[in-house]
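The values are calculated or read from the model by the stated rules, or taken from the named source; none is laboratory data. These figures come from a predicted structure and were not determined experimentally. Every residue, glycine among them, receives a Cβ derived from its backbone with ideal geometry; neighbour counts consider all protein chains shown. Just the protein is used for accessible areas: all its heavy atoms, side chains included, with ligands, DNA and RNA removed. Shrake-Rupley method; radii C 1.70, N 1.55, O 1.52, S 1.80 Å.
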Amino acid sequence: MLTQNKIAKYISLFAGITIFLIVTIVPLGYFFVSYQYAMGDLKQDAEIDARLITRIINANPEVWEFLQARIQESLMDRPKEGDAEIRRVFNRKNELIAESRDKLKTPILMHSERLMDSGVVVGRVEIYRSLRSLLMRTGLVALLMLPVGFGIFFILRHLPVRAIYRSEEALRSSE
């Protein structure tokens with residue numbers, strides 16, 4: 001038969017594992033879901049830019065690389081206001097054609113899309129965004145989960161142990 005101390009030790013271990021899982025899995029889940037959303041958003045913006053620039057390329061296939069002002073204008077037309085990012089257009093020779101640049105903090109996400117002219121790849125557009133705000137929000141979620149985890153630890157640890165002590169006392173007094 002398990003002694004009172006061993007039961008309390010097992011309950012504490014179970015409660016500790018539970019709090020660890022709650023405090024780590026919820027923020028990690030938030031991070032991975034938000035990361036997938038951020039990458040999808042980045043991919044969508046890169047596809048939109050690639051379509052806009054492809055129209056310029058298709059209208060001027062021989063001289064599109066010299067239409068830097070028009071390409072720059074397409075890059076500056078951002079669907080999301082306030083997000084710092086870098087947008088770049090490269091030709092087939094990997095030469096920078098146009099760029100719209102904000103200052104970014106590391107770590108950085110990047111997605112690129114091909115630029116096509118009559119089914120032939122003639123360049124690519126790249127978009128970079130900072131991942132720092134997502135990491136900050138994930139840290140905030142982790143901090144918010146600490147009180148929840150400690151509350152659950154208290155419930156899982158102290159209430160069963162207290163009930164065991166009381167039942168043991170009741171058993172001793174009845175004998």
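At a glance:
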read-out	value
Residues located in the stretch 1-43, provided they are of a type in the set (A, V, I, L, M, F, W, C), farther than 24 Å from Arg157 by Cβ and free of Cβ contacts under 8 Å to residues at least 60 places away in the same chain	Phe32, Val33
Residues of the stretch 37-82 satisfying the condition of being assigned to a helix (DSSP H, G or I), of a type outside the set (A, V, I, L, M, F, W, C) and over 22 Å from the mean Cα position of the chain (by Cα)	Asp49, Arg51, Thr54, Arg55, Asn58, Glu65, Gln68, Arg70, Gln72, Glu73, Ser74
Failed item, numbered, when Phe14 is tested on (1) at pLDDT below 85; (2) more than 30 Å from Pro147 (Cβ to Cβ)	(2)
Residue in the stretch 83-94 that is within 24 Å of the chain's Cα centre (by Cα) and open to solvent by 80 Å² or more (accessible area, probe 1.4 Å) present	no
Single unsatisfied condition, Gly149 versus (1) buried (at least 17 other Cβ atoms within 10 Å of the Cβ); (2) more than 25 Å from the chain's Cα centre (by Cα); (3) over 17 Å from Glu47 (Cα atoms); (4) small (Gly, Ala, Ser)	(2)
Check on Leu131, at pLDDT 90 or above and closer than 20 Å to Gly29 by Cα	yes
Residue ID - surrounded by the most Cβ atoms within 10 Å (Cβ to Cβ), chosen from residues in the stretch 1-33 that are among the β-branched types (Val, Ile, Thr) and more than 30 Å from Glu168 (Cβ to Cβ)	Val23
Selected residue (criterion: farthest from Ile71 (Cα to Cα)) from residues of the stretch 115-146 that are among the basic types (Lys, Arg) and open to solvent by 30 Å² or more (accessible area, probe 1.4 Å)	Arg137
Subset of the stretch 100-114 [modelled with pLDDT of 90 or more, touching a Lys or Arg at 6+ places or on another chain (Cβ under 6 Å) and open to solvent by less than 80 Å² (accessible area, probe 1.4 Å)]	Leu109, His111, Ser112
Qualifying positions in the stretch 34-68 - open to solvent by less than 50 Å² (accessible area, probe 1.4 Å) and out of contact with any strand residue (DSSP E or B) (no Cβ under 8 Å at 6 or more places or on another chain)	Ser34, Gly40, Asp41, Ile56, Asn60, Leu67
